[in-house]
Amino acid sequence: MTANRLVLSGTVCKTPIRKVSPSGIPHCQFVLEHKSSQQEAGFNRQAWCRMPVVVSGQASQALTHSLTVGTQLTVTGFISCHQGRNGLNKVVLHAEQIDLIDTGD
């Protein structure tokens, strides 16, 4: 089997959208914004991205109901390509585990 694993921490930056597929599977979609400083070739590099995230299945929907813009998370899952209505492909993180980051507030 070929490896496909991504762990990404960040902040929910778009309001989560909840839908149910025609087959009855609940889905929650949101965008995670990541910002960090990474070491590359001995230098600090600023890393930034916005990653669409999909959470599917009944078991994970309880956690997604508390998600709002500004929630900080670590998401673990696999990536896949989704084709939009405009015909363009985008990489999407399919969440298998979501951990809330305690900000101490």
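Values for this structure:
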{"quantity": "Subset tally (residues that are in a loop (DSSP other than H, G, I, E, B) and in contact with a Phe, Trp or Tyr (Cβ under 7 Å, 6 or more places away or on another chain)) for segment 53-82", "calculated": "1"}
{"quantity": "Complete set of residues in segment 1-25 that are within 20 Å of Leu73 (Cα to Cα) and either of a type outside the set (S, T, N, Q) or at pLDDT below 95 (or both)", "calculated": "Arg5, Leu6, Val7, Leu8, Gly10, Val12, Cys13, Lys14, Thr15, Pro16, Ile17, Arg18"}
{"quantity": "Of all residues making up segment 4-53, the number that are closer than 21 Å to Asn89 by Cβ and of a type in the set (Ser, Thr, Tyr)", "calculated": "1"}
{"quantity": "Residue match in segment 63-78 (condition: within 16 Å of Asn4 (Cα to Cα) and in contact with a His (Cβ under 8 Å, 6 or more places away or on another chain))", "calculated": "yes"}
{"quantity": "Filter result (surrounded by 14 or more Cβ atoms within 10 Å (Cβ to Cβ), within 19 Å of Asp102 (Cβ to Cβ) and of a type in the set (A, V, I, L, M)) within segment 1-42", "calculated": "Leu8, Val12, Leu32"}
{"quantity": "Residue among Arg85, Arg50 that alone is farther than 15 Å from His27 by Cα and in a strand (DSSP E or B)", "calculated": "Arg50"}
{"quantity": "Members of segment 82-99 found to be within 18 Å of Ser21 (Cβ to Cβ) and without any contact (Cβ under 8 Å) to a residue 12 or more places away in the chain, listed by number", "calculated": "Gln83, Gly84, Arg85"}
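The values are calculated or read from the model by the stated rules, or taken from the named source; none is laboratory data. Just so you know, these numbers come straight off a predicted model, no measurement behind them. Counting neighbours? That spans all protein chains shown, and the Cβs are built from the backbone with ideal geometry, glycine included.
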